[in-house]
Amino acid sequence: MNRKKVAIIGSNGRLGRSLQEVCREDHDLIGLSRYDLDLAWSDGKIREALDSLVVGADVALLSAGNTNVDLCEAQPDEAEQLNVTSVRSIANWCAEQGVRFINFSSDYVFDGEKDTPYTEDDPVEPLSIYGQSKVDGEDATLEASDRNLVVRLTWLYGPGKPLATPDWAVDLAVKQDHLNVVSDRIGSPSYTGDMADALLPLLFDDSASGILHLCNSGSCTWQEWAQFCVDCAIECGVEVKTREVGPLTMNDLFGDRATRPRYTVLSTEKYEAMTGRTLPDWREPLRQYVRDHVAPRFLRI
């Protein structure tokens with residue numbers, strides 16, 4: 001069988017690792033870490049790295065970028081370079097080489113004023129410099145080639161560094177007598193392994209182009225997310241000081257920092273129509289993640 005070649009830019013990141021896991025069995029992989037291709041580099045240097053390392057790839061996935069919302073607000077030029085300028089360089093190179101390009105975007109492209117799941121056709125209204133940089137990165141991706149795909153993700157977690165929300169929620173519940181988490185923000189916790197697996201059948205499908213939403217099904221507040229993480233840890237035998245997670249408002253936590261959207265549940269109806277697949281409810285992979293990756297840190301086995 002002729003194995004397709006998949007290049008993953010940002011291969012050491014949380015999503016990049018999951019993409020490698022699902023692609024490894026059936027495809028040849030080219031993994032590019034920050035040392036191989038740094039998004040802070042100039043257009044010329046990025047192109048040199050691609051010329052040298054991404055040889056004969058059928059598809060290139062960009063799972064790297066600046067996701068620090070407050071840092072983007074404080075350093076807009078860096079946000080522009082890492083989330084827009086470098087994306088344009090990669091997208092244009094891929095188009096010139098006949099390589100399909102898949103870029104990952106964010107729920108922060110929306111203003112959060114809806115009360116029903118956002119579809120791919122809803123207008124974007126970013127509230128922050130980070131959100132605007134992701135919109136501009138989407139545009140750069142799609143302008144380069146009509147074969148390209150932008151995948152919007154939300155509330156992503158999985159193995160890797162820095163620790164994800166389930167890790168720090170359980171860690172704080174173990175160490176602190178009180179734990180309060182934002183209760184007025186609503187979204188869909190999404191496991192990197194599920195997102196990578198969902199994308200697998202679309203990797204080489206040029207008809208799967210434009211914008212696509214992916215997330216685990218269902219929704220919750222950050223507080224409910226953290227509470228479920230703590231509950232799962234307790235089920236595993238983790239001893240905690242805090243069993244009940246209290247509420248906190250976004251204004252309490254973020255104050256005058258970058259504005260976050262209140263509601264960012266994403267509709268996956270388009271994906272389901274394309275593939276006939278439904279993504280798992282957010283609770284299923286989260287329970288397994290806590291059992292396999294979080295709880296063992298606190299248990300003596």
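Readers should treat all values here as calculations from the given coordinates under stated rules, not as data from a laboratory. Here the structure is a predicted model, which is why all the values come from computation and not from measurement. Every residue, glycine among them, receives a Cβ derived from its backbone with ideal geometry; neighbour counts consider all protein chains shown.
Working from label points 7 Å from Cα in the Cα-to-Cβ sense, the Asp121 to Asp205 distance is 1.9 nm. Strictly over 27 Å apart at the Cα level, which of Lys4/Lys270; Lys114/Lys241; Lys134/Lys241; Lys134/Lys270; Lys114/Lys270 would you flag in this model? Violating the 27 Å Cα-Cα cut-off are Lys114/Lys241; Lys134/Lys241. As a length-normalised measure over Cα pairs under 8 Å and 6 or more apart, the relative contact order of segment 103-180 settles at 32 percent.
Return the percentage of antiparallel bridges among DSSP beta bridges fully within the chain, rounded to the nearest 5 %. Could you put the intermediate results ahead of the total?
Details: 2 of 32 bridges.
Taking every DSSP beta bridge with both residues in the chain, the antiparallel ones total about 5 percent.
In the chain, the calculated helix contribution to ellipticity at 222 nm averages -10500 deg cm²/dmol per residue, counting -39,500 (n - 2.57) for every DSSP H run with n ≥ 4. If Lys and Arg each add +1 and Asp and Glu each add -1, what is the summed charge of the other residues whose beta carbon sits under 11 Å from the beta carbon of Asn12? Around Asn12, the charge tally is +3. Charges were assigned to the Cβ only: +1 to each Lys and Arg, -1 to each Asp and Glu. The resulting dipole of segment 1-103 about its Cα centre is roughly 400 debye. The mean sequence distance of close C-alpha pairs (under 8 Å, at least 6 residues apart), as a share of the length of the chain, puts its relative contact order at 20 percent.
Toward the positive end of the charge dipole of the chain, with +1 on the Cβ of Lys and Arg and -1 on the Cβ of Asp and Glu, the farthest Cα among Ala79, Gly44, Ala164 is that of Ala164. Ordering Gly237, Gly131, Ser145 by the projection of their Cα atoms onto the charge dipole of the chain, which places +1 on the Cβ of Lys and Arg and -1 on the Cβ of Asp and Glu, puts Gly237 at the extreme positive end. Neighbours of Ser190, meaning other residues whose beta-carbon lies under 14 angstrom from its beta-carbon, give a summed charge of -2 when Lys and Arg score +1 and Asp and Glu score -1.
Given +1 at the Cβ of Lys and Arg, -1 at the Cβ of Asp and Glu and no other charges, the dipole of segment 1-49 around its Cα centre is 60 debye to the nearest 20.
Between Arg291 and Glu269, 0.36 nm times their residue separation minus their Cα-Cα distance comes to what? If you can, show how the numbers build up before the last one.
Values: separation 22, 0.36 × 22 = 7.92 nm, distance 2.98 nm.
Working it through step by step, the gained length comes to 4.9 nm.
Taking amide H as placed 1.01 Å from N in the peptide plane, Ile186 has its amide H under 5 Å from the amide H of Tyr263, Thr264, each at least 5 places away in sequence or on another chain. Taking the average, over residues, of other Cβ atoms within 10 Å as the packing measure, peptides 246-252, 106-112, 44-50, 124-130 rank 106-112, 124-130, 44-50, 246-252 from highest down.
Could you work out the local net charge near Leu142, counting Lys and Arg as +1, Asp and Glu as -1, over the other residues with Cβ closer than 15 Å to its Cβ? Each step should come with its number before you reach the end.
Values: positive: Arg88, Arg100, Lys134, Arg147, Arg152; negative: Glu120, Asp121, Asp136, Glu138, Asp139, Glu143, Asp146, Asp206.
That sum, taken over residues with Cβ under 15 Å, equals -3.
Between Leu53 and Glu25, the simple label model (points 7 Å from Cα in the Cβ direction) yields a spacing of 2.7 nm. What base-10 log of the normalised intensity I(q)/I(0) is obtained for the chain from the Debye formula, alpha carbons as equal point scatterers, at q = 0.09, 0.10, 0.12 Å⁻¹? With no solvent term, the Cα-only Debye profile gives -0.44, -0.55, -0.80.
What you get for the chain, charging only the Cβ of Lys and Arg (+1) and of Asp and Glu (-1), is a dipole of about 980 debye around the Cα centre.
I need to check one value: relative contact order of segment 35-113, counting alpha carbon pairs closer than 8 Å and at least 6 residues apart, in percent.
Taking the mean separation of contacting Cα pairs over the length of segment 35-113, I get 41 percent.
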